[in-house]
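Q: Take a look at the following structure, please.
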Amino acid sequence: MNSINLVGNVTRDAELRTFQKDGKECTVAKFSLAIYRNKTTTDFIDIDAFDWAAEAAEKFAVKGAKVAVTGSLLQDSWTDADGNARRGHRVRADRVYPCGAKPEAERELVGAVAATVVDDSDIPF
């Protein structure tokens, strides 16, 4: 079984692209998550979301937002420009979920609270 569940902070806005595969238009969203392993270590995971998961990623995967991703782990192999064999991992997202408010909404909320004027003349002490 190849199943992975991650919760982390988006490091860059999802980049949405469309392409043709077998005569059908497909959409992919690429973004990256910062996953805090412990106080001194953070893992950065590349995420690819396709079709309707890509549409969800476009909506929810904005820089700084906390999202949950479910999907599968993929391993890539390639040869670099110097002829060295390289390998890397990425996650193919089946689902992308928001985990809280978007960062812009949080900033607006904090600004609204900070701008609230309190009249303390009614306080009895």
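The values are calculated or read from the model by the stated rules, or taken from the named source; none is laboratory data. Only a predicted model underlies this, so the values are computations on that prediction, with no experimental measurement involved. We place every Cβ from the backbone using ideal geometry, glycine too, and count neighbours over all the protein chains shown.
Q: Any residue in region 64-87 that is in contact with a helix residue (DSSP H, G or I) (Cβ under 7 Å, 6 or more places away or on another chain) and crowded, with 17+ Cβ neighbours inside 10 Å?
A: Checking region 64-87: at least one residue is in contact with a helix residue (DSSP H, G or I) (Cβ under 7 Å, 6 or more places away or on another chain) and crowded, with 17+ Cβ neighbours inside 10 Å.
Q: Yes or no: Glu104 part of a strand (DSSP E or B), of a type in the set (Asp, Glu) and at pLDDT below 90? Show your work before the answer.
A: Values: part of a strand (DSSP E or B): no; of a type in the set (Asp, Glu): yes; at pLDDT below 90: yes.
Judged against the criteria, Glu104 is not a match.
Q: With Gly64, Gly83 as the choices, which residue is under 20 Å from Gly100 (Cβ atoms), in a loop (DSSP other than H, G, I, E, B) and not polar (S, T, N, Q)?
A: Working: Gly83 fails: under 20 Å from Gly100 (Cβ atoms).
Only one candidate qualifies: Gly64.
Q: Looking only at region 29-52, how many residues end up being more than 10 Å from the chain's Cα centre (by Cα) and either aromatic (Phe, Trp, Tyr) or loosely packed, with under 12 Cβ neighbours inside 10 Å (or both)?
A: Looking only at that region, the number is 10.
Q: Only one residue in Gly64, Gly71 is under 23 Å from Lys24 (Cα atoms) and either in contact with a Lys or Arg (Cβ under 8 Å, 6 or more places away or on another chain) or at pLDDT below 95 (or both). Which one? First the steps, then the outcome.
A: On the way: Gly64 fails: under 23 Å from Lys24 (Cα atoms).
When all the criteria are applied, what remains is Gly71.
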